[in-house]
Amino acid sequence: MINREAVLKDIEENKIIVIMRGFTTEQLICAVDAMEKGGIRLVEVTFDQAKTVSDEATAANIRALKNHFEGKVRIGAGTVM
């Protein structure tokens, strides 16, 4: 379960949340890898309300990032309707 206080502390400490939309899994992993190396630790992958990317694909991308970065980057979901 996600600890709300830990998330708020991460936001307060890191200050930057990168919003990502419309990337393939491979593009996301490469981009987030570069961001993590540059010190960015907070990423939001948004669901696409226009449905150019399916909800299932977005959820799979979030899972792939979570598994790849194993806690080194906090991955969130955005525009969840």
(message) Return the residues of region 30-59 that are of a type outside the set (S, T, N, Q) and part of a helix (DSSP H, G or I); say none if nothing qualifies.
(response) CYS30, ALA31, VAL32, ASP33, ALA34, MET35, GLU36, LYS37, ASP55, GLU56, ALA57, ALA59
(message) If I ask for residues that are at pLDDT 90 or above, of a type in the set (Val, Ile, Thr) and either farther than 21 Å from VAL80 by Cα or part of a helix (DSSP H, G or I) (or both), which ones from region 1-29 would you list?
(response) THR25, ILE29
(request) List every residue pair whose Cβ atoms lie under 9 Å apart, where the two residues are 6 or more positions apart in sequence or sit on different chains, the first residue falls within region 11-30 and is under 11 Å from LEU65 (Cβ atoms) and hydroxyl-bearing (Ser, Thr, Tyr), and the second residue, located anywhere, is open to solvent by less than 100 Å² (accessible area, probe 1.4 Å) and at pLDDT 85 or above. (result) THR25/ALA57; THR25/ALA60; THR25/ASN61; THR25/ALA64; THR25/LEU65
(message) Here's a check for you: in region 30-50, which residue that is open to solvent by less than 40 Å² (accessible area, probe 1.4 Å) and farther than 14 Å from ARG74 by Cβ is modelled with the lowest pLDDT?
(response) ASP48
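For region 16-25, state whether one or more residues are within 14 Å of ARG74 (Cα to Cα), over 11 Å from the mean Cα position of the chain (by Cα) and loosely packed, with under 13 Cβ neighbours inside 10 Å. Before the answer, list the steps.
Our first condition is that a residue be within 14 Å of ARG74 (Cα to Cα); within region 16-25, this holds for 16-20.
Keeping just the survivors that are over 11 Å from the mean Cα position of the chain (by Cα) gives 16.
This time we only want the ones that are loosely packed, with under 13 Cβ neighbours inside 10 Å, so: 16.
There is at least one residue in region 16-25 that is within 14 Å of ARG74 (Cα to Cα), over 11 Å from the mean Cα position of the chain (by Cα) and loosely packed, with under 13 Cβ neighbours inside 10 Å.
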(request) Confirm whether VAL53 is open to solvent by less than 40 Å² (accessible area, probe 1.4 Å), out of contact with any Cys (no Cβ under 8 Å at 6 or more places or on another chain) and aliphatic (A, V, I, L, M). (result) yes
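The values are calculated or read from the model by the stated rules, or taken from the named source; none is laboratory data. Bear in mind that the values here come from a model prediction, so they are computed numbers and not experimental data. Please note: Cβ atoms are built from the backbone with ideal geometry, for glycine as well, and neighbour counts cover all protein chains shown. To get the accessible areas, we keep the full protein, side chains included, count just its heavy atoms, and leave off ligands, DNA and RNA. Shrake-Rupley method; radii C 1.70, N 1.55, O 1.52, S 1.80 Å.
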